[in-house]
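None of the figures in this text is laboratory data; all of them are computed from the coordinates on show. This is a predicted model, so every value here is computed, not measured. Neighbour counts run over all protein chains shown; Cβ positions are idealised from the backbone, glycine included.
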Amino acid sequence: MARSTEMASLEESFRKFAIYGDTKATGQEMNGKNWAKLCKDCKVTDGKSVTSTDVDIVFSKVKGKTARVINYEEFKKALEELAPKRFKDKSKEEAYEAICQLVAGKEPINVGVTKAKTVGAVERLTDTSKYTGSHKERFDESGKGKGKSGRENIVDTSGYVSAYKNAGTYDAKVKK
C-alpha cells in the first residue's frame, strides 16, 4: 500500500515539474530545464557527489537520441542512474528508494519571483493629495476621481460671462 502511494506521489511530482513554466505542457514529458529544476528543488543535487553537470549527463543518457524530453519511465531510469551517486553508502535498491522519497510529493518552488511595489516615484506620482493646478480638479477630497466631470469643461449656457459675481440676478432686477 505504502509503495503504490509513494509511486503515485512520485508521478504527481513528475507532472508538476513537467508543466512548470510551460503553458502548453501536458505533464506527460519533461524537458531538461525542468529536470534540472526538479533535482535542485528536491535536493538531489548536493554540489559534492551530484552536481548540475551530472544531472545534465544523466538526462542526455536516458532520453532518446533525437528527443528533447523524457517521459515518466525515462524519468524513473534517470533517478536510478543518480541514486548510487547521491547515496554512496547504500545498496542500489535502497539508494533508489531514498532518492524517490526526496522527490515524492514535492512541487516547484517559486524563489526570486518579482513582486510589484509602489515606492519612490510611483507612490509620489499616484498620491492625489499632492496634485496641483488643473489636475487637482479631477479628484474629490478623498482622492477618488470625479470621472467625466473631472476631465472635461462643462459648458455654462446661462448667458453670463464665467466667474461673474452677480450671475442669475437679472430676473430679480427686472421685476422691480
(request) Arrange the peptides 123-135, 43-55, 73-85, 98-110 so that the one whose residues have, on average, the most other Cβ atoms within 10 Å appears first. (result) 73-85, 98-110, 43-55, 123-135
(request) Using the charge dipole of the chain (Lys, Arg: +1 at Cβ; Asp, Glu: -1 at Cβ; taken about the Cα centre), state which of 60, 168, 108 has its Cα farthest towards the positive end. (result) 168
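Percent of alpha carbon pairs in the chain separated by more than 25 Å?
In whole percent, the long-distance tail amounts to 57.
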(request) Determine which aspartates and glutamates satisfy two conditions relative to residue 136: a Cα distance under 12 Å, and not lying fewer than 8 residues away in the same chain. (result) 127
(request) Evaluate E = 1/(1 + (r/R0)^6) for residue 9 and residue 67, where r is the Cβ-Cβ distance and R0 equals 35 Å; express this FRET efficiency to the nearest 0.05. (result) 0.85
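Taking the Cα centre of the chain as origin and charging only Cβ (+1 Lys, Arg; -1 Asp, Glu), how large is the dipole, in debye to the nearest 20?
940
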(request) Report the one residue of 9, 83, 121 whose Cα lies farthest in the direction of the positive end of the charge dipole of the chain (charges on C-beta: Lys and Arg +1, Asp and Glu -1; origin at the Cα centre). (result) 121
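How large is the dipole of region 24-123 about the Cα centre if only Lys and Arg carry +1 and Asp and Glu carry -1, each at its Cβ, rounded to the nearest 20 debye?
Details: 20 positive and 15 negative charges, 61 e Å.
Charge dipole of region 24-123: 300 debye, to the nearest 20.
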